[in-house]
Amino acid sequence: MPARARANPATLLLPLLAFCAVLVCLHLLARSVRSAMVFDCPRWWPFSVFDPRMPDVGALAAAALCVGAAAVTFPRLARSGYPTPAVVGLALLLLLASSLIQGFAYGFVHPVAGRGSGQGVQYYHDLPRAADPAAFVRTFHAEQPAMLDHTRTHPPGALLWFRLLLALLGDRPAAFSLATAAASVALTAAAFPVLLRAALPGLDSARRGHATLLLLLLPAVQVYYCASLDALIAGLLLALVAVYVAEGREAARLAASGALLFATSFLTFGVLWALPVLFAADVLRWRRTTRPAALLRLPVVLLGVAAAYGALYTALGFDYAAALRTASRLENPQGFRGLVEPMSYLFTRLENVAELAAFAGPWLLLWIWRGRGLLRRSAPLGWRLFTAATLTLGAMFLTGAYRTGETARACLFVWPFLLLPALAALGHSDEHDRTTLVWLVLAQGLLMQLFGRWFW
């Protein structure tokens, strides 16, 4: 991008105005159709869970803290080459300060413990069921239909994570939020550079560090990484793909991949998204080496995970496939929504995509668009991961997954892969462009925190 174009505010304002105009038009279209017929359409479509608000003095002070910390540390990080410990520390500080914009209760307590019966209390209020973890897993099938919404549509590990936090930290919901944020940021910051070394080999260590900071400052991360289990799931899925495609000892990497796949699958049924992504990496490896053994890597990992679940079934009677079938039936009690509620199906599918785009923002979307061709030409593995990740998520949407939207939170795992084209383009840009984009995504996230509430 020429220096003159960079200095012109229109190059920043025009994409923003066009982006906002498209969002408003789509919102008005959805609401106008909603006025003519009944279907699932949230008031602030495409945002599934959102309440507008005006910031108070405390919120403005927390936002000012974020801006001040970024202004002081961004130049120093650039000069020092974005070392991972500094990136993790700054990202965690900005994440917590950004959450504090909501106030301590709304930022750290309510997302875990809720504001009252039925409001964001699914895991926390189901904790008595997991007082004895072994008994909870043993009776999961019998109890699953009676559990609260999130617990019954996830494997037992979801509630057991909060049970672990309860045992370690006591009954302190805010501490649960802090621990989840710290674990998720650490996992993401450790795994993303590993993925980039394989997917975008042209990036040096400094640019991988910048990319990690950019990922951890995305609006979806600012809003949801502090208190949501989906942040931990996103970190584990990223680690799974990163370890699987990394260079190194084959046996060790496959064993680590199996352990990560088992851990993630015990937290979410959405782990199925990762399988086509891993297979796409294997197909590329097979074409490069022409060795059939490259296509046996994923079956070996899956056999290891199946053996682990077989042992769990023998010990405690937990049947993963049965739990998945029950969760699917509870999520869609009337069957495939495209047949029983076609308008709700259509508009929630559009909502799923539009919410991801809204959280990405206009500037990041532009960089993603610019980098597609470059990624395809210069980084075959990165291109395969990007296309497999997006196409698999799209296929999940078509099956009716994420029936109530909330994809910016529930699909946190896809953001590292959506970033790959943008990072390919940024790899051929200068420090000014990279710093500008970091500031823009940080500003978007802060504004979203200042003027909205995003949890139940």
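The values are calculated or read from the model by the stated rules, or taken from the named source; none is laboratory data. Please read these numbers as outputs of a predicted model, since none were measured by experiment. As a convention, Cβ positions derive from the backbone with ideal geometry for all residues, glycine included, and neighbour counts pool all protein chains shown. For the accessible areas, the whole protein counts, side chains as well, though only heavy atoms, and no ligand, DNA or RNA atoms are used. Shrake-Rupley method; radii C 1.70, N 1.55, O 1.52, S 1.80 Å.
The table that follows gives values for the structure above.
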read-out: Shape of the chain, Cα gyration tensor, a/c cut at 1.5; value: rounded
read-out: Given charges at beta-carbon only (K, R positive; D, E negative), |dipole| of the range 123-188 in Debye; value: 80
read-out: Accessible area of the chain belonging to carbon and sulfur atoms, whole % at 1.4 Å probe; value: 68
read-out: Shape category assigned to the range 51-143 from the gyration tensor of Cα positions, a/c cut at 1.5; value: oblate
read-out: Alpha-carbon Rg/Rh ratio, for the range 179-274, with Rh computed the Kirkwood way; value: 0.97
read-out: Cβ crowding within 10 Å averaged over residues, with 308-316, 359-367, 425-433 ranked highest first; value: 359-367, 425-433, 308-316
read-out: Cβ-based net charge around Val137, under 12 Å, with every Lys or Arg adding one and every Asp or Glu removing one; value: 0
read-out: Selected from Pro156, Gln449, Gly373, residue furthest toward positive end of dipole (the chain; charges at beta carbon); value: Gly373
read-out: Point-charge dipole on Cβ atoms (K/R +1, D/E -1) for the chain, about Cα centre, debye to 20; value: 1060
read-out: Distant alpha-carbon pairs in the range 91-172 (separation over 21 angstrom), percent; value: 36
read-out: Cβ crowding within 10 Å averaged over residues, with 213-222, 387-396, 326-335 ranked highest first; value: 213-222, 387-396, 326-335
read-out: Average accessible surface area per residue within the chain, 1.4 Å rolling probe, Å²; value: 42
read-out: Estimated 222 nm signal from helices in the chain, with DSSP H stretches of n ≥ 4 weighted -39500 (n - 2.57), rounded to 500; value: -23000 deg cm²/dmol
read-out: Environment charge at Ala294 (Cβ cut-off 10 Å; Lys +1, Arg +1, Asp -1, Glu -1); value: +4
read-out: Proportion of all alpha-carbon pairs of the range 241-325 beyond 17 Å (%); value: 49
read-out: Highest-first arrangement of 342-349, 55-62, where packing means the average Cβ count within 10 Å; value: 342-349, 55-62
